[in-house]
Amino acid sequence: MPKNDILTCINGFYTDKEVSQAKKLILLLCFVKFHYGKVPKNDILTCINGFYTDKEVSQAKKLIFQVLDGVEPKVSDPPRCVSRKESNSKRRLECEDILGALECCDKNKVKLPTISAVDLNRLSNMTQASQA
């Protein structure tokens, strides 16, 4: 299966109806991947934690771990996709899990599929982190 585009990757994991929903999740992952390594991790966490909903973060986490599972070459000792219990800190912990998956890819020099935004209005702005 070609792995040059994240939509190609998710087609194997989702039904047609779910692919439409997955496009929304790609926005969060696009934001994180764009800023990863360019701005402090805490700024990214604060921004996505304050901008995206609990459901968007949880589903984006599930998606990035599914993509991580399907990348070639396989990642040695990948992080586990931990199921978080409902709590006040669940969204932030799941944001940390998403960044942890990206850090694992970075350490293992894994090239992730291309992630691009479909609706730029749903991309958070880093200046929001400083206003939070």
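Which one of the conditions (1) modelled with pLDDT under 90; (2) surrounded by 13 or more Cβ atoms within 10 Å (Cβ to Cβ) does ARG91 fail to meet, given that it meets all the rest?
So the condition that ARG91 fails would be (1).
Inside the range 59-74, can you point out the residues that are assigned to a helix (DSSP H, G or I) and over 26 Å from ASN49 (Cβ atoms)?
Listed by number, the list holds a single entry, GLY70.
Restricted to the range 36-58, and to residues that are among the polar types (S, T, N, Q) and assigned to a helix (DSSP H, G or I), which residue is farthest from SER89 (Cα to Cα)?
Filtering the range 36-58 for residues that are among the polar types (S, T, N, Q) and assigned to a helix (DSSP H, G or I), the one farthest from SER89 (Cα to Cα) comes out as ASN42.
Report whether or not LYS33 is out of contact with any Phe, Trp or Tyr (no Cβ under 6 Å at 6 or more places or on another chain) and part of a loop (DSSP other than H, G, I, E, B).
No.
The values are calculated or read from the model by the stated rules, or taken from the named source; none is laboratory data. Keep in mind the model is a prediction, meaning the values are calculated, not measured. Positions of Cβ are backbone-derived with ideal geometry, glycine not excepted, and every protein chain shown enters the neighbour counts.
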